[in-house]
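Data block below; observations after.
Each value in this text was obtained by applying a stated rule to the coordinates, not by laboratory testing. Remember, it's a predicted structure, so these values are computed and weren't measured experimentally. Here the Cβ positions follow ideal geometry from the backbone for every residue, glycine too, while neighbour counts run over all protein chains shown.
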Amino acid sequence: MNKFLKKGQTVLLNFLGKSENPYEKELLSKDIDSTRFVVLDTETTGFDYVKDRILCIGAVVLQNNTISIHDSFEVYIQQEHYDKTTAKIHGILKDFALDKPNELQVLQQFLTFLGDSIIIAHHTVFDVTMINKALERNGLPSLTNKSLDTAVLYKKTLIVSHLFESKDTYSLDELADKYDISIKDRHTALGDAYITAIAFLKIIKKLEAKKITTLKQLFK
């Protein structure tokens with residue numbers, strides 16, 4: 001009977017996204033400073049998970065409270081889909097990526113760079129879903145990396161009071177303005193990844209004052 005109860009508990013935890021994987025337990029027991037984070041951003045042709053495509057993946061490594069510029073990733077992908085409306089935002093023109101690696105090649109490069117690191121992004125669901133859709137198109141499994149969202153983490157730093165109006169979500173521009181982060185490279189994949197990495201470090205400092213100092217607490 002206990003065997004069946006334990007199995008049922010495991011299924012429920014997996015369904016809720018609370019895996020009992022020993023590796024995950026070990027990962028969450030690590031301190032924040034020594035953990036390798038990969039802060040990423042994607043530039044895309046639009047916001048439709050099925051129809052649109054990734055134009056560029058940009059990422060930086062964050063570890064020991066340091067953003068490693070020399071350990072970064074920025075690769076443009078051959079364009080098979082073009083939207084002149086979104087091109088006005090990211091500035092990637094139709095002919096710019098003609099001689100670039102194809103989607104599969106870029107994904108393979110990115111997976112090697114990412115490894116088993118924790119993903120950080122701003123509005124993580126969008127970037128991770130776009131990458132997973134690309135992986136699916138190329139017959140590769142979805143990402144299994146744990147991920148954090150700076151939009152969600154930022155809300156943890158705010159004072160909860162009826163005297164202060166709270167929003168459902170905050171843009172990367174709002175975080176950059178709040179933390180006085182330069183946005184001169186905004187709307188480039190690597191530029192946005194770098195801005196997000198700085199914002200994450202600022203958020204972590206704020207959360208330390210609230211006694212949130214472990215990975216396990218960040219994921220709550």
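Each residue, residue 183 and residue 205, gets one label point 7 Å from its Cα in the Cβ direction; the gap between the two is 2.0 nm. When each of 61, 38 is scored by the number of other beta-carbon atoms lying within 10 Å, the sequence from fewest to most is 61, 38. Karplus-derived 3J(HN,Hα) values for the stretch 190-197, using 6.51 cos²θ - 1.76 cosθ + 1.60 with θ = phi - 60°, are 5, x, 5, 5, 5, 4, 5, 5 Hz; glycine and proline are entered as x.
When each of the peptides 124-137, 192-205 is scored by the mean number of other C-beta atoms lying within 10 Å of its residues, the order from highest to lowest reads 192-205, 124-137. On the basis of the beta-carbon distance and an R0 of 25 Å, residue 220 and residue 66 show a calculated FRET efficiency of 0.50. When the pairs 156/211; 51/155; 156/206; 155/202; 155/210; 25/146 are compared against a 20 Å limit on Cα-Cα distance, 51/155 fall above it.
For the stretch 31-218, the relative contact order is 27 percent, taking Cα pairs closer than 8 Å that sit 6 or more residues apart in sequence and dividing their mean separation by the residue count.
For residue 60, the shell of other residues with beta-carbons less than 11 Å away shows a net charge of -4, using +1 for Lys and Arg and -1 for Asp and Glu.
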